[in-house]
Amino acid sequence: MNNPSNGGTNRRDFLGKMIAGATMLSIPSISFGIGTAVDQESKHMSTNSAENWLSKIKGKHRMVLDVPQPHGIYPFAWPRVFLISNHAAGTPEKDCCAVVVLRHEAIPYALKNELWEKYKLGEMFKIDDPKTKAAATRNPFWEPKPGDYTVPGIGNVAIGINDLQSSGVLFGACNMAITVYSAVAAQKMSLDPQAVKKEWTDGMLPGVQLLPSGLWAITRAQEKNCGYCFAG
């Protein structure tokens, strides 16, 4: 991948970050073999819908944003800036395409509010609510209220996932991250990992595509002539 940020993406390789994430969550070990889990996922994960999602990447100017961890408003502000600045330079939204890949520790942004509340995702992933400043019990970037996000000199900015989708931004979520972190949550709460995984995939936000992995999506988007932006 053409990432100039001093090898940042390589350092955030999924398996290495997964181990670090498990440590961060004070989980001493993940009770299933990761190799076995990957094998099982490869048997059941169809790429047909993901390939169809990739076919939506069109337009004169294209960018893929790599989001491996929560990073304030940036993963959602930057696609808006991409669209606004291209429009200012003479290319309307309809002729641009921004692709946001939510992977690793950014995976809760792909999930509905009820899962944030039930599994304490704000606490688990250290994401604060912009209003209360406490651990978020809702997805702060799904259908935010006017005034939730303002920028000095600009005012209210429409950077909710739903707002960005209305402007043609594509969102995808890493199946491998959902597999691993749903199992971590299941272990922490003494629940069945397969049942929790299904609940998480069933509870993804409308219009967010489940992808074989975030890295798969980033490389495929680059093959579709997307420029790369590290947004996490």
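The values are calculated or read from the model by the stated rules, or taken from the named source; none is laboratory data. Computed from a prediction, not measured in an experiment: that's the story for all the values here. All Cβ positions, glycine included, derive from the backbone under ideal geometry; neighbour counts span all protein chains shown. Side chains included, ligands, DNA and RNA excluded: accessible areas come from the protein's heavy atoms. Shrake-Rupley method; radii C 1.70, N 1.55, O 1.52, S 1.80 Å.
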Taking the condition acidic (Asp, Glu), open to solvent by less than 50 Å² (accessible area, probe 1.4 Å) and under 30 Å from CYS226 (Cβ atoms), does ASP148 pass? yes
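Table: residues versus (1) of a type in the set (A, V, I, L, M); (2) in a helix (DSSP H, G or I).
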position: GLY153; (1), (2): no, no
position: ALA158; (1), (2): yes, no
position: ASN162; (1), (2): no, yes
position: GLN165; (1), (2): no, yes
position: ALA173; (1), (2): yes, no
position: THR179; (1), (2): no, yes
position: ALA185; (1), (2): yes, yes
position: VAL196; (1), (2): yes, yes
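Out of curiosity, is THR137 among the β-branched types (Val, Ile, Thr) and touching an Asp or Glu at 6+ places or on another chain (Cβ under 8 Å)? I'd like the intermediate steps shown before the answer.
Numbers: among the β-branched types (Val, Ile, Thr): yes; touching an Asp or Glu at 6+ places or on another chain (Cβ under 8 Å): yes.
So THR137 passes the test.
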The condition from (1) open to solvent by less than 30 Å² (accessible area, probe 1.4 Å); (2) more than 19 Å from ASN48 (Cβ to Cβ); (3) in a helix (DSSP H, G or I) that GLY232 misses is numbered (3)
What's the number of the only condition in (1) outside any loop (DSSP other than H, G, I, E, B); (2) farther than 19 Å from ILE218 by Cα that LYS131 fails to meet? (1)
Result of the Cβ filter at 6 Å on the stretch 198-227, keeping first residues that are under 22 Å from LYS60 (Cβ atoms) and partners that are open to solvent by 40 Å² or more (accessible area, probe 1.4 Å) and at pLDDT 95 or above, at least 6 apart or interchain, is ASN225/ARG62; CYS226/ARG62
So which of ALA183, ALA177, ALA136 ends up being buried (at least 22 other Cβ atoms within 10 Å of the Cβ) and without any contact (Cβ under 8 Å) to a residue 40 or more places away in the chain? ALA136
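Just to be sure before I move on: is ASP95 modelled with pLDDT of 95 or more and either under 26 Å from GLU123 (Cβ atoms) or not hydroxyl-bearing (Ser, Thr, Tyr) (or both) in the structure I sent? Break it down into steps so the answer makes sense when it comes.
On the way: modelled with pLDDT of 95 or more: yes; either under 26 Å from GLU123 (Cβ atoms) or not hydroxyl-bearing (Ser, Thr, Tyr) (or both): yes.
In short, yes.
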Test: residue in the stretch 87-96 that is in a strand (DSSP E or B) and over 27 Å from THR179 (Cα atoms): yes
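If we scan the stretch 213-229, do we find a residue that is over 14 Å from the mean Cα position of the chain (by Cα) and open to solvent by less than 20 Å² (accessible area, probe 1.4 Å)? Give the derivation first.
Within the stretch 213-229, the subset over 14 Å from the mean Cα position of the chain (by Cα) is 219-228.
Checking which are open to solvent by less than 20 Å² (accessible area, probe 1.4 Å) leaves us with 221, 226.
Yes, the conditions are met somewhere in the stretch 213-229.
If a residue has to be of a type outside the set (S, T, N, Q), buried (at least 16 other Cβ atoms within 10 Å of the Cβ) and over 17 Å from GLN209 (Cα atoms) to count, how many in the stretch 85-100 make the cut? Quick ask: steps written out before the conclusion?
Kept after step one, since they are of a type outside the set (S, T, N, Q), are these residues of the stretch 85-100: 87-90, 92-100.
Imposing the further condition that a residue be buried (at least 16 other Cβ atoms within 10 Å of the Cβ) reduces the set to 93, 96-100.
Imposing the further condition that a residue be over 17 Å from GLN209 (Cα atoms) reduces the set to 93, 96.
Final tally of qualifying residues: 2.
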Go through the residues of the stretch 102-122 one by one and say whether even a single one is of a type in the set (Val, Ile, Thr), under 24 Å from GLY214 (Cα atoms), touching a residue at least 60 places away in the same chain (Cβ under 8 Å) and open to solvent by less than 60 Å² (accessible area, probe 1.4 Å). yes
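Residue-wise test of (1) among the small types (Gly, Ala, Ser); (2) closer than 18 Å to ASN52 by Cβ.
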| position | (1), (2) |
| --- | --- |
| ALA173 | yes, yes |
| MET176 | no, no |
| ALA186 | yes, no |
| LEU191 | no, no |
| LYS198 | no, no |
| GLY207 | yes, yes |
| TYR228 | no, no |
